[in-house]
Each structure stands twice: as structure tokens, then as C-alpha cells.
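Okay, structure first, notes after.
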Amino acid sequence: MKKIVVLTGAGMSAQSGISTFRDSGGLWENHPVRQVASVEGWYSDPKLMLSFYNQRRTDLKKAKPNKGHLILAGLEQFFDIGIVTQNVDDLHERAGSTRILHLHGELTKARSSENPDLITEIGYEPVHWGDKAADGTQLRPHIVWFGEPVPEMSKAIQWTREAEIMIVVGTSLAVYPAAGLIDYASGNTPLFLIDPKPAPVRRNHLHTITEKAVEGLEKLEKILIDNYL
Ligand code: APR
């Protein structure tokens, strides 16, 4: 089976009703990033941060995987496919994908505010100030905030280096190191970029599909099965 690596961003979940960050009306328009997604924000107003992620967890509980998520899960029958997502939602999991790396963490998990490896599943439940992890420290969202390391990046780079095909769906490629992943795909690896307003990417073998995730993946699924099995 050919190896495929898929990098997904917020646009992947837009058609499931989940806001993107930088589109008009996106999350960062209503919430200054530094206040709700950075280490400084956690130290200056942790209760605001907890409520921001509690709201996103409540929204996620109501959301469902879209047909794009389901297509990526279905491609596992034909390809050795690994999904590297910047998204903190669980829609790839709920669609049935089995090999997923979350570069920026997961909404359905929380962790000790001292020990990043002390992680607990919380599903869609809220985390409140005063909720403690097993080590007695304040429980915090298991999210990679601006200013924090991206532990899964080295594995994501390995998957990308090994990939014979790379797919990029629904990301502005504005945030590093995630955005730099495309540079690890070998020069001969075809890169399919799906986005209604694709970010500028310069490389050989680039195939841009200027569509939303669902429509773009419907097209790409046919291309992959007709030409790359
Ligand atoms: N289908 C596909 N792509 C879409 C759709 C859609 N229906 N709607 C919007 N898009 C595209 C936009 O054109 C844009 O390129 O999705 C992208 C969304 O970009 P961002 O909002 O910047 O989201 P993302 O690239 O995932 O942000 C990366 O930034 O704030 C951090 O941690 C956060 O993981 C996030 C990271």
C-alpha cells in the first residue's frame, strides 16, 4: 500500500460547523490569541482560558464528522494513511481514522499544569478553576499553546519523509512548526492542496484543488483511486 500523509487544519472541520481561526468571523477575531491560547494568557487569566476551551468542548460535542473526514477514514482500505492534524477536535477519530497525530493537542483531554505527561480523558466535560490533576496541581487543557513545544512534530516529520503522497487540507500554513511540514516531503512526492483560498505554496508536483474540504476530497478520492493504487 502506498504511504500517504495528510496535514489538516481548521478548514477540515469548517463544514462540521467548527470555526476556523483566521477567516473572517474566525475564533481569533473574537478572542485575542494571546489571551486565550498562550502561556502568558494562562498565567494572567486562567479562568478566561478555561472557559474558552470549555465552550469549544461544548461546541465539539454538538459537531459531527463531515464527509471529508469520512473520505479520509475510508482511504485506509486502499492506502497506508497517516493524519497529522493541527486541529484539537476529535472528528478524525469519530470518522474512523486510526493513525492520527495531534500537533496542537486535544480538546477531549486535560493534564497536570506541572507534568505534561500526566494526561486524563475528559471527553466534552468542562474544566474549572480548582479542578486538580492526580499530582494535585490545577488541571489544564491538553492543548499546545503559543510558546509551548510541539512534542509530536518529530513523528510527523518522519511520517512526511516516508510519504509517497502528501495531502494538505484546510490550513492557512500560518503557524510553525506545523506549516513547515510540507518542506519535509521529498521533491518527487506529489502534494495535493485542498482549500477554497489556498495559501501560496511553491514546490514541484503541486496539485491545487480550489474547493472546500468535502468537495475537494470527493475529487481527490477519485484521482487517488484512479491513478495511485
Ligand atoms: N474547507 C477547506 N478549507 C477551508 C474551509 C473549508 N470549508 N473554510 C476555510 N478553509 C481554509 C481557509 O481558507 C484557511 O486557509 O482553512 C484555512 C483556515 O486557516 P486558519 O484559520 O489559520 O486555521 P489553521 O491553518 O488550522 O491554523 C493553524 O493556528 O491558531 C493556531 O493552533 C491554531 O491549529 C491552529 C493553527
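Residues in the range 44-55 carry Karplus couplings, in order, of 8, 8, x, 5, 5, 5, 4, 6, 4, 6, 4, 5 Hz; the curve used is 6.51 cos²θ - 1.76 cosθ + 1.60 with θ = phi - 60°, and Gly or Pro positions show x. Phi angles of the range 13-23 translate, via the Karplus equation with coefficients 6.51, -1.76, 1.60 and θ = phi - 60°, into HN-Hα couplings of 9, 4, 7, 9, x, 9, 4, 7, 9, 10, 6 Hz per residue; Gly and Pro are given as x.
Taking amide hydrogens as placed 1.01 Å from N in the peptide plane, the amide H of Thr208 sits under 5 Å from those of Leu193, each at least 5 positions away in sequence or on another chain.
What length, rounded to one decimal in nm, is gained on full extension from Leu101 through to Ile119, with 0.36 nm per residue of separation minus their alpha-carbon distance?
4.9 nm
For the range 61-153, the Kirkwood radius over C-alpha pairs fed into Stokes-Einstein at 37 °C and 0.692 mPa s yields D = 227 µm² per second.
Among 72-81, 212-221, 16-25, what's the highest-first ranking by average C-beta atoms within 10 angstrom per residue?
Numbers: 72-81: 18.3, 212-221: 20.2, 16-25: 15.6.
Taking the mean over residues of other Cβ atoms within 10 Å, the ranking is 212-221, 72-81, 16-25.
By its C-alpha gyration tensor, with a ≥ b ≥ c as the square roots of the eigenvalues, how is the chain shaped: rounded for a/c under 1.5, else prolate for a/b larger than b/c, else oblate? Taking the square roots of the gyration eigenvalues as a ≥ b ≥ c, the chain is prolate. Could you work out the helix-only [θ] at 222 nm for the chain, with each DSSP H run of four or more residues adding -39,500 (n - 2.57) and the total divided by the number of residues, to the nearest 500 deg cm²/dmol? The helix contribution divided over the chain gives -8500 deg cm²/dmol. Mind jotting down the distance between the C-alpha centroids of the range 182-199 and the range 102-170, whole Å? A separation of 25 Å, based on Cα centres.
Take the cross-link list Lys62/Lys212; Lys2/Lys197; Lys61/Lys155; Lys3/Lys62; Lys47/Lys155 and give me the ones stretching past 30 Å between alpha-carbons. Checking Cα-Cα distances, Lys3/Lys62; Lys47/Lys155 exceed 30 Å. Taking amide H atoms as placed 1.01 Å from N in the peptide plane, the amide H of Leu101 lies under 5 Å from those of Ile83, Val84, Thr85, each 5 or more residues away in sequence or on another chain. For the pair Glu29/Glu148, report the inter-label distance in nm, with labels modelled 7 Å from Cα in the Cβ direction. The two pseudo-label positions are separated by 2.7 nm.
Classified by the C-alpha gyration tensor, the range 34-113 has a prolate form. Its axis ratio a/c, with a ≥ b ≥ c, is 1.5 or above, and a/b is larger than b/c.
Taken together, the values in this text are just the output of simple stated rules run on the coordinates, not laboratory data. These figures come from a predicted structure and were not determined experimentally. Please note: Cβ atoms are built from the backbone with ideal geometry, for glycine as well, and neighbour counts cover all protein chains shown.
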